[in-house]
2 protein chains.
Amino acid sequence: MSPRKVVVTRQLIEPAQKLLEAASDLELIQWPTDQPCDRSWLLEQAKGASGILLMLSDKCDKELMDAAGDTLKVIASFSVGTDHVDREAIRERKIRLGYTPSALTDAVADLTVMLILMAQRRAGEAMGKVLTGQWPQMPWSPLLMTGPQIRGTTVGFLGFGRIAQATLQRLIPFGISKALYLTSKPGQPAKEDHYGLLKEGSIPVSPASDWKQLAAESDVVVVGCALTPSTRHIVNSEFFHQMKKLAVLVNIARGPVVDTDALVSALETGDIFGAGLDVIENEPNIQADHPLLKQPRCVLLPHVGSANIETREQMAVESVKNLLAGLKGEAMVNEVEP
Amino acid sequence: MSPRKVVVTRQLIEPAQKLLEAASDLELIQWPTDQPCDRSWLLEQAKGASGILLMLSDKCDKELMDAAGDTLKVIASFSVGTDHVDREAIRERKIRLGYTPSALTDAVADLTVMLILMAQRRAGEAMGKVLTGQWPQMPWSPLLMTGPQIRGTTVGFLGFGRIAQATLQRLIPFGISKALYLTSKPGQPAKEDHYGLLKEGSIPVSPASDWKQLAAESDVVVVGCALTPSTRHIVNSEFFHQMKKLAVLVNIARGPVVDTDALVSALETGDIFGAGLDVIENEPNIQADHPLLKQPRCVLLPHVGSANIETREQMAVESVKNLLAGLKGEAMVNEVEP
């Protein structure tokens, strides 16, 4: 049997690259850098390929599948989401699709705690004062640059999956008093208790009866739910009006869950104390004059939730494993159901 | 007996102000805003005062004590340090000195965790890219904006008092593997185990034999020691050379413990991965062209360690209690030994 051709759209991080190169029964065609590959290169190289390992930035559409032809059996995507893949076309052609959703819980939960603290402690504003040379002229006063403390707070989670629960686990020794959560079944206990915090935990953790209760009682609101038609703009001006004036909002999920205009005006009018965002509507097209960037109590990061070295290594290794497993007809680490 | 005169150099936060006003046997003279008082006003009003409640920004020297005269029995300072007080003059005149060092453990430990995560996850650099409108042009690559993960790290504490131990307590659910610490007695176990982490903790916590071991083995170094002649510049270029290339340095103690020039060059040459500082040599005189501010992997905050609302309220209340206790000859919450 002639070696099966695989196309890989990047150079991978070392452990993944080694794993890939160790598969001696493959004809390996690989883009030579760790920057996005040219589309025309990909379409040309895809011809006759059995598998393609690609990134979020590589559109996996009918054009690409047509270019590959009938030989194509496996797509291994180095990504948590699969928005860049034409799922229907994949199904029709019976191509298996692997992805890498499971590696990033720690990385995102770490970042969530960071954003909560940055929003409460006004980190963006404080750094800005130093960077612009204002520190020498800041007259000390007892409430200078103060924000609310995390000890004693109620933390409300919109969405209560693995990342939210990992965040809660990290917050407990900061002295939070209580956690509330809202899932798609308001008032119902969460199905999964990933870290044993719900039944035997050291603080009360309970489902909110609705979004109003969650908004009104939380000192910290963490948005960690999936984006669906029913969660789009669930955090809107009504939600902000319910929130406490010293509360902060953190979004580590998807931008459109939060109504950006409503957030800008909640910060402007003092309906809430601050915000920490890793995601925002219309990202990455955020220009320097975006109205949210004028709010000193808002921290906005460029979607770096999973950006730690170990996580990206693990994602790369898993995407190679998915590719190889798919070619051999074995079980992938994570496969999208057809 | 005529009411005793007290001078207070600010308007205080509400609970403290109420406590002060409830003391009906006092003639209360108080600066009318929460901004620093005029020195000339203070010197004039001090005449005949029995007690003065003052801030870090009010110099408590012989000139002030002379202006007050023999009536002065109590200084209550709203501060953790007492560098602004002429301790010898206080001793000679048998004036009692109260201060407020105990309220801020939580606030500083929270900020320390925030700075560790910001240094690892490149928060300053990431925010800067968004603020300057670079997000739309950031081509995604697997290692874009990545930093080291906290899970699995060894955290080294230079100084291991209450704040350092409170920080360690918060870090445990992030999955750190091990803690090392160095006190003024290298290799000796810490005297106090404030949170039960040393003997029965879930991870190994052990004294380092010397600074070299601490520098070489830690993925995160937290500077939390007092500034003394032997700790000044203890973190210098030799220290940075010993550190791991993916390690971060966090200083929440006093600026001069870290040699700033050595830090700039360690960041420039990649001897360490990043830094998070709440304090720096020569603060607050840090201009916008300070060389450290050109290092994208360094976060510098304007000494806001204790800046949360609850902490400052507690400090204000304690300073009033110290003032009142001093006037009555009772025990203060915290009094400086003469």
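Could you tell me the relative contact order of the stretch B:105-300? Use alpha-carbon pairs under 8 Å, at least six residues apart, and round to a whole percent.
22
Test of understanding: in a Gaussian network model of chain A with alpha carbons linked when under 10 Å, which of A:164, A:22, A:253 would top the mean-square fluctuation ranking? Comparing A:164, A:22, A:253 in the GNM, the peak value goes to A:22. Each copy carries a label point for residue A:89 at 7 Å from Cα along the beta-carbon vector; from one copy to the others these points are 8.1 nm apart, nearest first. Can you give the relative contact order of chain B as a percent, counting alpha carbon pairs under 8 Å and 6+ residues apart? RCO, chain B: 18 percent. Label-to-label distance for residue B:335 and residue A:71 is 8.9 nm, based on points extended 7 Å past Cα in the beta-carbon direction. Against chain B, whose longest principal axis is taken from its Cα atoms, helix B:260-269 shows a tilt of about 20°. Annotation for the stretch A:285-338: GluC sites (Glu not before Pro) lying in DSSP loop with at most 13 further Cβ atoms inside 10 Å of their Cβ are A:330. Taking the convex hull of the alpha carbon positions in the stretch A:42-126 and averaging its projected area over all directions gives 7.4 nm².
Across the identical copies, the label point of residue B:206 (7 Å from Cα in the Cβ direction) is separated from its matches by 4.6 nm, in order from shortest. Rg and Dmax of chain B, based on Cα coordinates, read 22.9, 78 Å. The convex hull of the Cα atoms of the stretch A:148-246, projected and averaged over all directions, covers 5.9 nm².
Put the Cα centre of the stretch B:32-102 next to the Cα centre of the stretch B:231-253 and the gap is 37 Å.
If you count Lys pairs in the stretch A:105-300 whose Cα atoms are under 27 Å apart, skipping same-chain pairs closer than 8 places in sequence, the total is 18. Rounded to the nearest 500, the 222 nm mean residue ellipticity of chain B from helices alone is -9000 deg cm²/dmol, with -39,500 (n - 2.57) taken per DSSP H run of at least 4 residues.
Rounded if a/c is under 1.5, else prolate if a/b is larger than b/c, else oblate: which is the stretch A:1-93, with a ≥ b ≥ c the root eigenvalues of its Cα gyration tensor? Since a/c reaches 1.5 but b/c is at least a/b, the shape of the stretch A:1-93 is classed as oblate. Restricting the GluC sites (Glu not before Pro) of the stretch A:149-253 to loop positions (DSSP other than H, G, I, E, B) with no more than 16 neighbouring Cβ atoms within 10 Å leaves A:192, A:200.
Checking every one of the trypsin sites (Lys or Arg not before Pro) in the stretch B:151-252 against DSSP loop status and a limit of 11 other Cβ atoms within 10 Å picks out B:191, B:199, B:245. Among rounded, prolate and oblate, which fits the stretch B:223-295 when a ≥ b ≥ c are the square roots of the eigenvalues of its C-alpha gyration tensor, a/c under 1.5 means rounded, and a/b larger than b/c means prolate? In terms of gyration-tensor shape, oblate. The ellipsoid equivalent to the alpha-carbon distribution of the protein assembly as shown has semi-axes of 53, 27, 22 angstrom, derived from the gyration tensor eigenvalues as √(5λ) and listed largest first. Computed from Cα atoms alone, the Kirkwood hydrodynamic radius reported for the stretch B:105-300 is 17.0 Å.
Take every residue in peptide B:173-181, count the Cβ atoms of other chains within 10 Å of its Cβ, and give the average of those counts.
Working: counts 11, 8, 6, 0, 0, 0, 0, 0, 0.
For this peptide, the per-residue mean of nearby foreign Cβ atoms is 3.
When chain B is treated as a Gaussian network with alpha carbon springs shorter than 10 Å, the biggest mean-square fluctuation among B:145, B:65, B:315 belongs to B:145. For residue A:133, the shell of other residues with beta-carbons less than 14 Å away shows a net charge of 0, using +1 for Lys and Arg and -1 for Asp and Glu. Annotation for residue B:69, label-to-label distances across the other copies: 10.6 nm (shortest first, one decimal, point 7 Å from Cα along Cα→Cβ).
FYI, it's all coordinate maths here, none of it is from the lab. Since the structure is predicted, the reported quantities are computational estimates derived from the model, not experimental observations. In this analysis, Cβ positions are derived from the backbone assuming ideal geometry, glycine residues included, and neighbour counts consider all displayed protein chains.
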